[in-house]
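Beneath this line is the structure, given in structure tokens, with notes to follow.
The values are calculated or read from the model by the stated rules, or taken from the named source; none is laboratory data. Note that the coordinates shown come from a computational prediction; the quantities given were computed from them, not determined experimentally. Positions of Cβ are backbone-derived with ideal geometry, glycine not excepted, and every protein chain shown enters the neighbour counts. These area figures cover heavy atoms from the full protein model, side chains too; ligands, DNA and RNA do not enter into them. Shrake-Rupley method; radii C 1.70, N 1.55, O 1.52, S 1.80 Å.
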Amino acid sequence: MLKSKDLLGLQYLSAEEISEILEGAVAAKERLKDKNKCSYDLKGKTLVTLFYENSTRTRTSFELAGKYSGANEVNISVATSSVQKGETLVDTGRTLDSLKVDFIAIRHPMAGAPKLLAENVKASVINGGDGMHEHPTQALLDMFTLKEHYGKIAGLKVAILGDIKHSRVALSNLFGLKKLGAEVYMYAPGTMIPKEMDKLGAHIAKSREEAIDGADAVMGLRIQLERMNGGLFPSLGEYAKFYGVNDGLLKYAKPGAVVLHPGPVNRGVELTPEVIDGNSSLINEQVTNGLAVRISVLKLLAAYRENNL
Ligand code: CP
């Protein structure tokens, strides 16, 4: 049973809560294999997606997770909503409460925006990514993908390479993977990795080879040009050459190691096309798993609401 009405970040969840979400996703994924992939688990409930930033995977999979579970689902297009007339986030949330919405999946450029919303609405708020802070359902689907492949997470070595400084995926994965007993190694240009990562339990590698050496999984991260002011690396070509992941580097990983990436990928920058489309890549499977994980999250939050609100 989850212990909160909201899912704001993996820093707030216990190992047991994370495991419960991953177990729920196993059942959800089984159902997705059926010809009739829909259930009535969330019949009568309403999910709103409220995205202040672009998204393909997260928003679509939240919407489909709601629809496949029998919920009513509405997307608010921020560009054409009353946000453009100056309505505040909290007032937008209270409007949704008045419309009897049960779940709000939000993405926002400001770290902490989902928490502020959650503290001011009755609906359950799910963080779909807040600034450079957390992206909990992405990390949950990454962990689900690893658990599905290896049958466990404890004891795995996961190497995360790329723009760690601007990445909410890196931070959520660090919290979640550590709680379930994995070792996390990180590597990035010095300008793109906060020094405090080691205090949170990450091993900061001095080279790509050290990060990848003996790894069970190699996770590439997108260079988040929208969140940086430039000047963090000389050029995309040099980034790819000196910091990107290619087939040659994957030879340092354990035989059979898998490659993950949250997407969208800058092809040929953080990962070469051969790595993205190669046999080790689970990138497309991650997207399917995102749907299963979000179905599980909605179902568990619905159970919390039923029992506590
Ligand atoms: N991984 C991820 O958050 O992708 P989107 O930006 O497409 O949602």
**Study point:** Simple label model, 7 Å out from Cα along Cβ direction - Asn54 to Glu209, nm
**Key:** 3.7
Practice item. Would you mind checking the tilt of helix 168-179 against the longest principal axis of the Cα atoms of the chain, expressed as 0 to 90 degrees and rounded to 10? Key: 90
Check your understanding: Assigning unit charges at the beta carbon (Lys, Arg +1; Asp, Glu -1) and nothing else, what dipole magnitude in debye, to the nearest 20, does the chain show about its Cα centre?
Key -> 440
Review point. Using every alpha carbon pair in the stretch 95-211, what percent of pairs falls into each 10 Å bin from 0 up to the bin containing the largest distance?
Key: 14, 38, 30, 14, 4, 0
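Taking 30 Å as R0, compute the FRET efficiency from the Cβ-Cβ separation of Val26 and Asn75 and round it to 0.05.
Numbers: r = 28 Å, r/R0 = 0.92.
Once the sixth-power term is evaluated, E becomes 0.60.
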Practice item. Diagonalise the Cα gyration tensor of the stretch 265-309 and give the resulting equivalent ellipsoid semi-axes, square root of 5 times each eigenvalue, largest first, whole Å. Key: 36, 10, 5
**Study point:** Most mobile of Asn289, Asn75, Asn54 in a GNM of the chain (Cα contacts under 10 Å)
**Key:** Asn54
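Suppose the chain between Glu87 and Lys67 were pulled fully straight at 0.36 nm per residue; how much longer would it get relative to their current alpha carbon spacing? List each step's numbers first, then the result.
On the way: separation 20, 0.36 × 20 = 7.20 nm, distance 2.80 nm.
Gain on stretching Glu87 to Lys67: 4.4 nm.
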Review point. Going out from 0 in 10 Å bins, what whole percent of all Cα-Cα distances in the stretch 172-309 drops into each bin?
Key: 10, 35, 35, 14, 5, 1
Check your understanding: Between Lys122 and Asp34, 0.36 nm times their residue separation minus their Cα-Cα distance comes to what?
Key -> 28.3 nm
**Study point:** the chain: most fluctuating residue of Leu32, Leu140, Leu177 per GNM, C-alpha cutoff 10 Å
**Key:** Leu32
Practice item. Could you tell me which of Ser81, Asn279, Tyr40 has its Cα farthest along the dipole of the chain towards the positive end, charges placed at Cβ (Lys, Arg +1; Asp, Glu -1), taken about the Cα centre? Key: Tyr40
**Study point:** Antiparallel DSSP beta bridges within the chain, as percent of all bridges there, nearest 5
**Key:** 5
Study note, to complete from the structure: With bins of 10 Å, the percent of all Cα-Cα pairs of the chain per bin from 0 is 6, 28, 34, 22, 8, 1
Point to revise | the stretch 142-204: trypsin sites (Lys or Arg not before Pro) falling in loop per DSSP and having at most 15 other Cβ within 10 Å | key: Lys152
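Carbon and sulfur together cover what percent of the accessible area of the chain at a 1.4 Å probe radius? Please report the intermediate quantities before stating the final value.
Numbers: 7000 of 13530 Å².
The computed percentage sits at 52.
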Practice item. Give me the angle, in degrees from 0 to 90, between the Cα long axis of helix 15-32 and the longest principal axis of the Cα atoms of the chain, rounded to the nearest 10. Key: 80
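Rolling a 1.4 Å sphere over the protein heavy atoms, what is the accessible area per residue of the chain, to the nearest Å²?
Details: 13530 Å² over 309 residues.
Ligands and nucleic acids excluded, the figure is 44 Å² per residue.
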Exercise for review: Obtain the nm distance between the two label points defined at Ala303 and Asn279 by a simple spin-label model: each point lies 7 Å from its Cα along the Cα-to-C-beta direction.
Suggested key: 3.9
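Mind checking the stretch 211-309 for trypsin sites (Lys or Arg not before Pro) that DSSP puts in a loop (not H, G, I, E or B) and that have at most 11 other Cβ atoms within 10 Å? Provide the component values of the computation, followed by the final result.
Values: sites: Arg222, Arg227, Lys241, Lys251, Arg267, Arg294, Lys299, Arg305; in loops: Arg222, Lys251.
Counting only loop positions with at most 11 other Cβ atoms within 10 Å, the trypsin sites (Lys or Arg not before Pro) in the stretch 211-309 are Lys251.
For the stretch 136-283, what is the charge dipole size about the Cα centre, in debye to the nearest 20, if Lys and Arg each add +1 at the Cβ and Asp and Glu each add -1 at the Cβ? Please list the in-between numbers first.
Values: 17 positive and 16 negative charges, 76 e Å.
Around 360 debye, computed over the stretch 136-283.
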Review point. Does anyone have the angle between helix 283-308 and the longest principal axis of the chain? Alpha-carbon axes, 0 to 90°, nearest 10?
Key: 40
Check your understanding: With respect to the cross-link table entries Lys100/Lys122; Lys33/Lys152; Lys147/Lys178; Lys147/Lys199; Lys122/Lys179; Lys152/Lys254, which display a Cα-Cα separation exceeding 19 Å?
Key -> Lys33/Lys152; Lys147/Lys199; Lys122/Lys179
Practice item. Under 15 Å from the Cβ of Tyr239, count the other residues' Cβ atoms, weight Lys and Arg +1, Asp and Glu -1, and hand me the total. Key: +2
Study note, to complete from the structure: Distance in nm between Glu238 and Lys251 label points, each 7 Å along Cα→Cβ, equals 2.7
